[in-house]
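In what follows, a single structure is set out as structure tokens and then discussed.
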Amino acid sequence: CLQGAVPAWREFDSPLPPFNKMPNKMPKIEEEWKKKLSPEQYNVLREKGTEMPFTGKYHKNKEDGMYYCAGCGAILFSSGTKFDSGTGWPSFDSPAAKDAVELKKDFSHGTARTEVICKKCNSHLGHVFDDGPTPTGKRYCMNSCALDFKKSDK
């Protein structure tokens, strides 16, 4: 798939531009990130922190719409892939597009995990696990403060 190309299935079911065409300007240095983000967002997105479980604004959100990166506005997840994992964080079974996120091995906190990073701005979003209840078997466990949500116009 060419970078910037819209997969055929997205052309017809979404009025949104591909994630890498979002107009938000990204900060270039950490001081600019600190001005753009709240302290909690900065801790999670830039310092790989984690918000407390069951406290995030999107943990119980059941509205139809799209979830975007709070750092750069990239499209990350559709509400159609969200499910209640019981973990206290918003969970999804797949990203909105394969090239929306990057996965990296994470050996912090004495365990092996897979970190989920926004491919556009390199911000930490959460982790993905292989224990999801849907056919993908994945649980993308995201921090609410790393996301922005836009309700569907339907």
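Each peptide in 116-122, 66-72 was scored by the mean count of other Cβ atoms within 10 Å over its residues; highest first, the order is 66-72, 116-122. With Cα atoms defining each centre, the stretch 21-96 and the stretch 121-154 are spaced 8 Å apart in the structure.
Listed by chain and number, the aspartates and glutamates placed with their C-alpha closer than 19 angstrom to that of K36 are E47, E51, D148; residues fewer than eight positions away on the same chain are left out. Pairs exceeding a 19 Å alpha-carbon distance, out of K57/K154; K62/K151; K82/K151; K57/K98; K35/K105; K62/K150: K57/K154; K57/K98; K35/K105.
Using only the C-alpha atoms of the stretch 58-154, find the volume of their convex hull and express it per residue in Å³.
Per-residue hull volume (Cα only) is 98 Å³.
Using the average count of surrounding beta-carbon atoms within 10 Å as a protection proxy, the listed peptides 53-63, 144-154, 93-103 rank, highest first, as 93-103, 144-154, 53-63.
Contact order, relative form, for the stretch 81-154: 27 percent (alpha carbon pairs under 8 Å, 6 or more residues apart, mean separation divided by residue count). Taking amide H as placed 1.01 Å from N in the peptide plane, A74 has its amide H under 5 Å from the amide H of C69, each at least 5 places away in sequence or on another chain.
The 3J(HN,Hα) values that the Karplus relation (6.51, -1.76, 1.60; θ = phi - 60°) gives for the stretch 135-144 are, in residue order, x, 6, x, 9, 10, 7, 9, 10, 7, 4 Hz. Gly and Pro appear as x. Neighbours of I29 by Cβ distance under 12 Å: Lys/Arg scored +1, Asp/Glu scored -1, total +2.
Couplings 3J(HN,Hα) of the stretch 66-79, computed from phi: 10, 9, 10, 5, 5, x, 9, x, 5, 6, 10, 9, 9, 4 Hz, in residue order, whole Hz [Karplus 6.51 cos²θ - 1.76 cosθ + 1.60, θ = phi - 60°; x for Gly and Pro].
Each reported figure results from applying straightforward, stated rules to the coordinates on display, with no laboratory input. Note that the structure is a prediction, hence the values are computed from the model and not measured. Virtual Cβ from ideal backbone geometry, glycine too; neighbours counted across all protein chains shown.
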